[in-house]
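Taking it in order: structure first as structure tokens, then the write-up.
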Amino acid sequence: MAQQEFIIQRYNPDTDESYEESFDVDVQPGQTLLDSLNQIKWEQDGTLSFRMSCRHAICGSCAMKVNGQSMLTCQTQVDAAVERGDPVRIGPMGNQNVVKDLVVDVTKFLQQFERAETWLEPYEDQEPPEKEYRQKVEEFDHWSHASTCIHCGACYSDCTVAAVDENFLGPAALAKAYRFVMDSRDSKREERLEYLSETQGGIWDCTRCYMCVQACPKDVLPMDAIMELRTLAIEAGHTNNHGARHHKGFAGGVRKRGRLDEMMLPVQSVGIGRLLTGQISAHKEMMDYTPGAIRLLKSRKLLTIAQRHGASAEGREQIQRIFDEVESEKHHHDVDADAFGAEFETAIGGH
Ligand code: SF4
Ligand code: SF4
Ligand code: FES
């Protein structure tokens, strides 16, 4: 048995006071963080508040921030969470208001599932089957990862977009929406794809920071699901939105010139047609790019006219081949990302 220091973030709603408190706990080998919190509550301070239920990584209620990263405290052993000798810092999940100590208000997180309508909408005009509705094994295998979510909120807590945008649907609700888009028993695939691409805070607002994938204790791969939703939305023709135009301009530019052209990207994202037809909203969107453009100019990151021709003919050809290879893969997570990255570096490296 070894003694371990825990530094717990406390919040008292009666006095609106936030503070850190240190507790020393005798830890057995294999003991989890949640075991340790219970030990503190039962033996040292009965007022310490946190959520828990199953203790088996099933109910999703014990997610907290441990040394800055969200995780299930019942699934994480003390030894795995900390270098020997260092204190374990435990705080409430991020991006949600704290109710008391380690308890957060999950209303906002759960409302995102409602907004994304994450429930099955069966075909009304079909006779129900004699027994249950069937799903093909190979279809299920493709999206089964997205069906294992336990709604713990760890991904939402660490999401860098949810931190700055209340409207963002967030990784868990988007992964759940993906699960229904992919389910052949669901009748609303097209409507879902349209909503997820057009709504404020939908699939195009993710910055691909990867935090949700790292935080998820169930390998739901929310970011992968969001990226696949983007592809499906474009394939379904939902391209008249800022995100899809940005995607097309970005990838199209790199494919054509072998490098990103920041000068043209805002124009392509806003939509050349919208600008030419004098849409006021389009010109307002262009104005929003002004501060960023000034920063790029100052830091000399905008390509000069001479640089805008891009990579050499040989480099461009190599990059186009990489694009072709990636596009020929049916699902983007089948692509070997490391090999792709290395080849891309080689293609642009000498130019
Ligand atoms: S990858 Fe997207 S959804 Fe996931 S945490 Fe980052 S911004 Fe949020
Ligand atoms: S996607 Fe993963 S981290 Fe997010 S709520 Fe579901 S199980 Fe938790
Ligand atoms: S207590 Fe249920 S997931 Fe941790």
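The values are calculated or read from the model by the stated rules, or taken from the named source; none is laboratory data. Just so it is clear, the model here is predicted, and its values are computed rather than measured. Don't worry about glycine lacking a Cβ; one is built from the backbone with ideal geometry, like all the others, and counts go over all protein chains shown.
Values for this structure:
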quantity: Test: residue in region 75-86 that is in contact with a Cys (Cβ under 9 Å, 6 or more places away or on another chain), within 21 Å of Cys159 (Cα to Cα) and not aromatic (Phe, Trp, Tyr); calculated: yes
quantity: Conditions (1) within 27 Å of the chain's Cα centre (by Cα); (2) closer than 30 Å to His142 by Cβ; (3) buried (at least 18 other Cβ atoms within 10 Å of the Cβ); number of the one not met by His246; calculated: (3)
quantity: Qualifying residue in region 202-215 (condition: more than 16 Å from ligand 3 (Cβ to nearest atom), over 27 Å from Ser281 (Cα atoms), at pLDDT 95 or above and of a type in the set (S, T, N, Q)); calculated: yes
quantity: Enumeration of residues in region 177-202 that are within 15 Å of ligand 2 (Cβ to nearest atom) and crowded, with 24+ Cβ neighbours inside 10 Å; calculated: Ala177, Tyr178
quantity: Selection count where residues are of a type in the set (Gly, Ala, Ser) and under 10 Å from Trp119 (Cα atoms), scope region 175-190; calculated: 1
quantity: Residue satisfying condition, being surrounded by fewer than 18 Cβ atoms within 10 Å (Cβ to Cβ) and over 30 Å from Leu196 (Cβ atoms), within set Gln111, Gln69, Gln28; calculated: Gln28
quantity: Residue that is loosely packed, with under 14 Cβ neighbours inside 10 Å and either in contact (Cβ under 8 Å) with a residue 60 or more places away in the chain or out of contact with any strand residue (DSSP E or B) (no Cβ under 7 Å at 6 or more places or on another chain) (or both), where the choices are Asp101, Asp158, Asp165, Asp86; calculated: Asp86
quantity: Residue, farthest from ligand 2 (Cβ to nearest atom), within region 203-212, restricted to residues that are assigned to a loop (DSSP other than H, G, I, E, B) and touching a residue at least 24 places away in the same chain (Cβ under 8 Å); calculated: Thr207
quantity: Selection status of Leu72, in contact (Cβ under 8 Å) with a residue 24 or more places away in the chain and either away from ligand 3 (no atom under 15 Å from the Cβ) or more than 20 Å from the chain's Cα centre (by Cα) (or both); calculated: no
quantity: All positions within region 118-133 that are away from ligand 1 (no atom under 16 Å from the Cβ) and either surrounded by 11 or more Cβ atoms within 10 Å (Cβ to Cβ) or of a type outside the set (D, E, K, R) (or both); calculated: Trp119, Leu120, Glu121, Pro122, Tyr123, Gln126, Pro128, Pro129, Tyr133
quantity: Where Glu138 falls short, out of the listed (1) within 16 Å of ligand 3 (Cβ to nearest atom); (2) over 30 Å from Glu5 (Cβ atoms); (3) surrounded by fewer than 19 Cβ atoms within 10 Å (Cβ to Cβ); calculated: (1)
quantity: Residue that is nearest to Arg51 (Cα to Cα) [pool: residues in region 135-155 that are touching a residue at least 40 places away in the same chain (Cβ under 8 Å) and among the polar types (S, T, N, Q)]; calculated: Thr148
quantity: Tally, over region 172-224, of residues that are over 14 Å from Ala146 (Cβ atoms) and within 12 Å of ligand 1 (Cβ to nearest atom); calculated: 12
quantity: Wholly enclosed helices (runs of 4 or more DSSP H) of region 216-315 bearing at least 3 residues out of contact with any Asp or Glu (no Cβ under 8 Å at 6 or more places or on another chain) and under 23 Å from Tyr195 (Cα atoms); calculated: 222-235, 242-257, 280-288
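Per-residue answers, yes or no, for (1) over 26 Å from Leu229 (Cα atoms); (2) charged (D, E, K, R); (3) in contact with a Cys (Cβ under 8 Å, 6 or more places away or on another chain):
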position: Lys248; (1), (2), (3): no, yes, no
position: Val254; (1), (2), (3): no, no, no
position: Asp261; (1), (2), (3): no, yes, no
position: Met264; (1), (2), (3): no, no, no
position: Val267; (1), (2), (3): no, no, no
position: Val270; (1), (2), (3): no, no, no
position: Thr277; (1), (2), (3): yes, no, no
position: Ile280; (1), (2), (3): yes, no, no
position: Met287; (1), (2), (3): yes, no, no
